[in-house]
1. Within the stretch 18-39, which residues are farther than 11 Å from residue 53 by Cα and not in a strand (DSSP E or B)?
2. What about residue 124, is it part of a helix (DSSP H, G or I), in contact with a strand residue (DSSP E or B) (Cβ under 9 Å, 6 or more places away or on another chain) and either at pLDDT below 80 or outside the structural domain of residue 25 (by TED's automatic domain parsing) (or both)?
3. Of the numbered conditions (1) at pLDDT 90 or above; (2) outside the structural domain of residue 18 (by TED's automatic domain parsing); (3) touching a helix residue (DSSP H, G or I) at 6+ places or on another chain (Cβ under 8 Å), residue 198 fails exactly one; give the number of that condition.
4. For the stretch 83-102, how many residues are surrounded by 13 or more Cβ atoms within 10 Å (Cβ to Cβ) and assigned to a loop (DSSP other than H, G, I, E, B)?
5. Give the stretch 44-66 a look and list any residue that's under 26 Å from the mean Cα position of the chain (by Cα) and either buried (at least 20 other Cβ atoms within 10 Å of the Cβ) or at pLDDT below 95 (or both), or say none.
6. What are the pairs, 6+ residues apart or on separate chains, where a residue within the stretch 103-119 that is assigned to a helix (DSSP H, G or I) has its Cβ under 7 Å from a residue that is loosely packed, with under 13 Cβ neighbours inside 10 Å?
7. Can you name the number of the only condition in (1) under 27 Å from residue 136 (Cα atoms); (2) loosely packed, with under 12 Cβ neighbours inside 10 Å; (3) touching a residue at least 60 places away in the same chain (Cβ under 8 Å) that residue 23 fails?
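The values are calculated or read from the model by the stated rules, or taken from the named source; none is laboratory data. Everything quoted here is computed from the prediction, not taken from an experiment. A quick note on method: Cβ atoms are made from the backbone with ideal geometry, for glycine too, and the neighbour counts reach across all protein chains shown.
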């Protein structure tokens, strides 16, 4: 369960946000605070994973509350929900290290999507001893274009971005390429390059033939599959 604290000085909005979150079955609302002082008190008595934080509170600024809550629990995460859109304010909050920033009024689908993304990414960070670049790109909302949106889940040891690079190289080199040459192009060992190439063969995306070099040793050469 994700333990969530709502900090919002308008109790009606706090209730609305709570109703939105109640539709998510893996969420538990620890409490709702109307002031910074109430928030700090709740945080000192409960374990909290995530805070929905308004920036304008009657007694404190949201950034001050953020800093105080991290004194109680340094690994707590924050989603800012605020009417503030001034670049100076937004920039300062982003530099404070928040998971997301939503400008009021909140659309239910937008908030629920953020919570789902938070759960997914936290699960991946817990499960993986070494975090792959694709997970970090997703975490930070990085997209290098439509090609990243089309990336499919890959098995352990196959990084989606590296796989796309291998596919691009194969498509460009009509005469085929060896695992050794592919390794040089992607900055990896021959063994690593071969793992990616053999994965693509298993997926039916490329093919390979044995060719004999000048000293008679056969070498496996990989080609773009002819789809004509």
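1. Within the stretch 18-39, 18, 19, 20, 21, 22, 23, 24, 25, 26, 37, 38 qualify.
2. no
3. (3)
4. Residues meeting the conditions: 4.
5. 47, 48, 50, 51, 52, 53, 54, 55, 62, 63, 65, 66
6. Once the first residue is assigned to a helix (DSSP H, G or I) and sits in the stretch 103-119, its partners that are loosely packed, with under 13 Cβ neighbours inside 10 Å give 112/23; 119/26.
7. (1)
Residue by residue, here is whether (1) closer than 30 Å to residue 120 by Cβ; (2) in contact with a strand residue (DSSP E or B) (Cβ under 7 Å, 6 or more places away or on another chain); (3) modelled with pLDDT under 85; (4) outside the structural domain of residue 114 (by TED's automatic domain parsing) holds:
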{"position": "160", "(1), (2), (3), (4)": "yes, no, yes, yes"}
{"position": "166", "(1), (2), (3), (4)": "yes, no, no, yes"}
{"position": "175", "(1), (2), (3), (4)": "no, no, no, yes"}
{"position": "185", "(1), (2), (3), (4)": "no, no, no, yes"}
{"position": "192", "(1), (2), (3), (4)": "yes, no, no, yes"}
